[in-house]
1. Are any of the residues in the range 30-41 surrounded by 15 or more Cβ atoms within 10 Å (Cβ to Cβ), touching a Phe, Trp or Tyr at 6+ places or on another chain (Cβ under 7 Å) and not in a loop (DSSP other than H, G, I, E, B)?
2. Please find, within the range 80-100, the residue that is farthest from LYS47 (Cα to Cα) out of those that are out of contact with any His (no Cβ under 7 Å at 6 or more places or on another chain), open to solvent by 60 Å² or more (accessible area, probe 1.4 Å) and assigned to a strand (DSSP E or B).
3. Considering each residue of the range 54-79, count those that are open to solvent by 30 Å² or more (accessible area, probe 1.4 Å) and either polar (S, T, N, Q) or within 14 Å of ASP43 (Cα to Cα) (or both), and give that number.
4. Being closer than 23 Å to ASP186 by Cβ, touching a residue at least 12 places away in the same chain (Cβ under 8 Å), of a type outside the set (Phe, Trp, Tyr) and open to solvent by 10 Å² or more (accessible area, probe 1.4 Å) narrows it down to one of VAL151, VAL125, VAL167, so name that one.
5. Return yes or no: is THR5 modelled with pLDDT under 85 and either in a loop (DSSP other than H, G, I, E, B) or more than 31 Å from the chain's Cα centre (by Cα) (or both)?
6. If you take the residues of the range 269-293 that are closer than 17 Å to TYR32 by Cβ and open to solvent by 20 Å² or more (accessible area, probe 1.4 Å), which of them is nearest to the chain's Cα centre (by Cα)?
7. Report whether or not ASN330 is in contact (Cβ under 8 Å) with a residue 60 or more places away in the chain and open to solvent by 50 Å² or more (accessible area, probe 1.4 Å).
8. When you go through (1) crowded, with 22+ Cβ neighbours inside 10 Å; (2) not in a helix (DSSP H, G or I) one by one for SER314, which number turns out not to apply?
Amino acid sequence: SKKDTLRKKAEMLGIKAQTFRDELLPEISEQYTGRKTIHVSRDAIQKFRDKGEIHISEVIGKEIMQEIYPNMFIEMRCGYEKEEGRVLQDKIIQLSFNRYYPYRAIPKGSGQKFMIEALMMDPDVAQLVIIKGPAGTGKTYLSLAAGLDLVIEKNAYSNKILCSRSVTETGERIGFLPGNEQEKMDPYMRGIRDNLTLLLKGNASESKKYSSNKRGKKNSSYPYEEDEEKPSYEDGTIFFERGDIKIEAISYIRGRTICDTFIIIDEAQNLTPTEVKTIITRVGTGTKLVLMGDPAQIDRAELDERNNGLSYASERLKGEPTCWQITMTNEESVRSELAKRATMLL
C-alpha cells in the first residue's frame, strides 16, 4: 500500500507491510550524483591542460564506463594535481566557466565550480539543473548569483527570476498566514533574502585578492566599479521592487507556460514526484529551471529519501541531454565548522 497510515496499522497488528517496491528509488548513497572523481596519470593531466580535452577511453576503464553519463562532471586527480572537466559526447572537456565569478560569487572547491558551470550554461544546452546537497554548500547562494548575473549583467531572461519553494514547515505548524500571495510566501522565502544580503555585502578580502580581474576585463563577479554605488537595501529588497526577482507559490504554477525565465525552486526535496513533474512540464522556451534541496532533510511525513520529488527527477532524468546535475558533499559545506560537523554526525 502507498498509504502510510494503513502500513502503520498493519505493523501494529503484526502484519508485514511495505510500499510498492517498483516506485522506490535507490538508497541515497546509491543515487545519481552527476560527478565522478578519477585518478589519472600525470601525462593525462598535462594533455588535458594542453588540448583542453581528452578522450574518455584514455582515462576511464571499460569496467566503469557504464557509470558515465552525458554532462557528468569529472574531477581528474594525480597526486596533488587536479583538473576539472565535464563529459561531452566521447570526450572530457574543460569547464567553460572555470574562472568565472557570477555576481561576485567566488567558488570554493570543485563542487561549486561544477555548480556555476551548470547554472551559467545557456538554456538550450542546460535547461534543467538539479542540485542536491547538505546545508551550507552554496546551492541557493550560487543559484541567485548566477540568476542575477544573467538577468542584470547579461540582460538575459526577459521575464527575470522566479523563485518558489514548498510551503512545508519544519516542526510545529504556526497556522494560516494573513495577507496576499506575496505576503504569505515571504516567511518561506527568507532564505532567499539571507543569501541576497550575503551577495550584496560581498567579501572584501576576496574582492581585494582578485582585484586584478576588476578593470580591463568583462567579469560579472565585479559588476560595480570602485566609484559606482551598489544597489540600495542590504537585504535585496530592491531586486523585488524592480521586478528582477518574483515570488510565486508552487500551487499556482499548474496550467501556466513559463517562458524566458530563470526559475529557482528551493527545498525541492519536500515536493512529491507529481508536483515536480507539474513544475518541469511548465517550462517554456528560453526558460532555465533550477531544482535544489537536500534529500536528507525532508519535512513531509509521507516522503523520504527514496520517494521525494527531487530524487525522483534526478534518477529519472539522468543522462538526458539538457539535464545537468551536481550533488554536493558534506565536506563541501562552507557555512561554518559547526554546520559541517552537524551535517556529518547528526
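1. yes
2. Looking at residues that are out of contact with any His (no Cβ under 7 Å at 6 or more places or on another chain), open to solvent by 60 Å² or more (accessible area, probe 1.4 Å) and assigned to a strand (DSSP E or B), I get LEU88.
3. At the first step, the residues of the range 54-79 found to be open to solvent by 30 Å² or more (accessible area, probe 1.4 Å) are 55, 57-58, 62-67, 69-70, 77, 79.
Still in the list and also either polar (S, T, N, Q) or within 14 Å of ASP43 (Cα to Cα) (or both): 55, 57-58, 66, 77, 79.
Counting residues in the range 54-79 that are open to solvent by 30 Å² or more (accessible area, probe 1.4 Å) and either polar (S, T, N, Q) or within 14 Å of ASP43 (Cα to Cα) (or both) gives 6.
4. VAL167
5. Numbers: modelled with pLDDT under 85: yes; either in a loop (DSSP other than H, G, I, E, B) or more than 31 Å from the chain's Cα centre (by Cα) (or both): yes.
For THR5, the condition - modelled with pLDDT under 85 and either in a loop (DSSP other than H, G, I, E, B) or more than 31 Å from the chain's Cα centre (by Cα) (or both) - is met.
6. If we take residues in the range 269-293 being closer than 17 Å to TYR32 by Cβ and open to solvent by 20 Å² or more (accessible area, probe 1.4 Å), then ILE280 is nearest to the chain's Cα centre (by Cα).
7. In short, yes.
8. For SER314, the failing item is (2).
The values are calculated or read from the model by the stated rules, or taken from the named source; none is laboratory data. Since the model is a prediction, treat every value here as computed from it, not as a measurement. Neighbour counts are summed over all protein chains in view; Cβ atoms, including those assigned to glycine, are modelled from backbone coordinates with ideal geometry. Just the protein is used for accessible areas: all its heavy atoms, side chains included, with ligands, DNA and RNA removed. Shrake-Rupley method; radii C 1.70, N 1.55, O 1.52, S 1.80 Å.
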